[in-house]
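The values are calculated or read from the model by the stated rules, or taken from the named source; none is laboratory data. Remember, predicted model here, so these are calculated numbers, not experimental data. All Cβ positions, even for glycine, are placed from backbone atoms using ideal geometry, and neighbour counts span all protein chains on display. Keep in mind that these areas ignore ligands, DNA and RNA; they rest on the heavy atoms of the full protein, side chains included. Shrake-Rupley method; radii C 1.70, N 1.55, O 1.52, S 1.80 Å.
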Amino acid sequence: MEDKTKVPSPQLPAAPAPAPAPAPVVNVTIQQQDRAADAARAMTEGRDLQMDVASQPGHVYIVNGKRVNSNNEAPGSSLDKSST
Amino acid sequence: MAGPTYGTLSVSDLLAANGQSIAHYGEDRAFEAIQNGLDAHNEIVKEMVSDLCETSMERLTRYGGDAAMEMVALDEYGDPDAQKILPGSNVGFPLRKRGVKIQWTRTFMLTHTPPELANQFLAARDADVRAIRKDIASAFFTPTNNLAYVDALTDRVTLPIRALLNADGAAIPYGPNGETFDGTVHTHYLATATLVAANVSALIETVLEHHATAQVKVYINRAQEAAIRGMANFTAYINPMVTPAYTTTYANGALDMSNLYDRPIGVFDSAEIQVQPWIPAGYLLATDPSAPTKPLRIRTRTGTLDSLGALSIAADHEHYPLRAQTMDREYGIAAMTRWNGAALFAGGGTYVAPVIAG
């Protein structure tokens, strides 16, 4: 016979899903602000990334007095990401 | 009649024959001596360029590429996506001809001495050495590619002449410890407004990070010698005529006290510092001459610095009363191992290509 004196236990809500593990901290040396994209990629991939330690911002050179990119084109072409 | 004179003709014979005209000395003897001098000069040039340049007849090679794949976690139903290795980029090498002409009249032959003629040819040989040095410096210090070079001496094919790694987007191989480099931002043309030790260390590391067992040499102009000597990371070679105090820290090597513009002067971090006359003032160059592949290639038609690749008499015009001798050499120099060199400009925050005197 069913015992009706007992109060049924309340249904507990399901335990929340565990919080995602924080991204692993990787050793990244950043020399220039425009290395942020490479650094972000390194952090998501979870591996050390040796950055070129003395690269210049962007890759604009001065040849014969004119600012050009790696292929001797005026800045503004597809390869030029310099802001200077 | 005087007895025969035995021995090999050399330029010194010409220089000693000061008391007679060229015509009296004999034009055939004069030019035989000049040719022997040219042969010796060409052997010296081969030795001179062998440190930094590989000699080849190949005009196109490939460099770089992303040569790594990644293992992907799978379950029992899993199937990885296809991966592939990115190809490297084409690297071309030019072929150019440089020449010099010495011309004279019959009257010159009748009235001038063999030493005066010999000096003309010695000056032509010096011009040849300066031209090669200028082309080597240009290959190292020009930061831009020439993707539209037309191989005019062969078949007018367009070749991509490339500089050292210059952030042109070409894929760069992984480093010795798995380091990755972004080809769109990684450059070996560095610049600084004020030359300090950290700049030189960074210059050396720019080469080392691609080849962990490199024996890097840093070539500088004499104008930068004082600044380098004043840096904390530098340890000097000592004057071999002086016994240093036992408390002195010095590098293992003897300092050449006479050849001030062409000598190693000491050690900076892991690299040897050498003063070289062909480095433009205000620039430093790091490279590893002992690497499995040289930083530059000299392209010649035959693959050697002989025949058309040598400084040779190309034309012998005789049109009385005018005579001329044209000498030329066919060669082209460009960067081959694009990681094996890094240039630092010490005059501002943006790399400026130098005007290379020759």
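Condition check ((1) open to solvent by less than 20 Å² (accessible area, probe 1.4 Å); (2) touching a strand residue (DSSP E or B) at 6+ places or on another chain (Cβ under 8 Å); (3) among the hydroxyl-bearing types (Ser, Thr, Tyr)) across all residues:
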residue: B:His210; (1), (2), (3): no, no, no
residue: B:Ile220; (1), (2), (3): yes, yes, no
residue: B:Thr235; (1), (2), (3): no, yes, yes
residue: B:Ala245; (1), (2), (3): no, no, no
| query | In segment B:184-203, which residues are more than 10 Å from chain A (Cβ to nearest Cβ) and crowded, with 18+ Cβ neighbours inside 10 Å? | reply | B:Leu195
| at the interface with another protein chain (Cβ under 8 Å from one of its Cβ atoms), surrounded by fewer than 23 Cβ atoms within 10 Å (Cβ to Cβ) and among the polar types (S, T, N, Q) - does that describe any residue in segment B:150-172? | no
| query | Which pairs do you get when a residue that is within 12 Å of another protein chain (Cβ to nearest Cβ) and of a type in the set (Val, Ile, Thr), found in segment B:135-149, comes within reach of a residue that is open to solvent by 50 Å² or more (accessible area, probe 1.4 Å) and part of a loop (DSSP other than H, G, I, E, B), reach meaning Cβ atoms under 6 angstrom, with the pair 6+ apart or on two chains? | reply | B:Thr144/A:Asn72
| task | Run down B:Ala123, B:Ala118, B:Ala131, B:Ala127 and say which single residue is closer than 30 Å to B:Ala30 by Cβ, surrounded by fewer than 17 Cβ atoms within 10 Å (Cβ to Cβ) and in contact (Cβ under 8 Å) with a residue 12 or more places away in the chain. | result | B:Ala127
| Which members of segment B:34-74 meet the condition of being in a loop (DSSP other than H, G, I, E, B) and basic (Lys, Arg)? | B:Arg59
| task | Kindly indicate whether any position in segment B:327-344 is at pLDDT 90 or above and open to solvent by 30 Å² or more (accessible area, probe 1.4 Å). | result | yes
| If the Cβ limit is 7 Å and pairs must be 6+ apart or interchain, which residue in segment B:93-107 that is farther than 15 Å from B:Leu308 by Cβ pairs with which residue that is hydroxyl-bearing (Ser, Thr, Tyr) and open to solvent by less than 70 Å² (accessible area, probe 1.4 Å)? | B:Lys101/B:Thr326
| message | Can you confirm whether B:Leu260 is open to solvent by less than 30 Å² (accessible area, probe 1.4 Å) and either touching a Lys or Arg at 6+ places or on another chain (Cβ under 9 Å) or part of a strand (DSSP E or B) (or both)? | response | no
| field | Selection count where residues are modelled with pLDDT under 80, over 30 Å from B:Thr61 (Cβ atoms) and buried (at least 17 other Cβ atoms within 10 Å of the Cβ), scope segment B:86-108 | value | 1
| B:Leu147: open to solvent by 20 Å² or more (accessible area, probe 1.4 Å) and part of a strand (DSSP E or B), yes or no? | yes
| task | Being under 21 Å from B:Ala335 (Cα atoms), in a strand (DSSP E or B) and not basic (Lys, Arg) is the filter here, so list the residues in segment B:272-300 that pass it. | result | B:Gln274, B:Tyr283, B:Leu284, B:Leu285, B:Ala286, B:Thr287, B:Leu296, B:Ile298
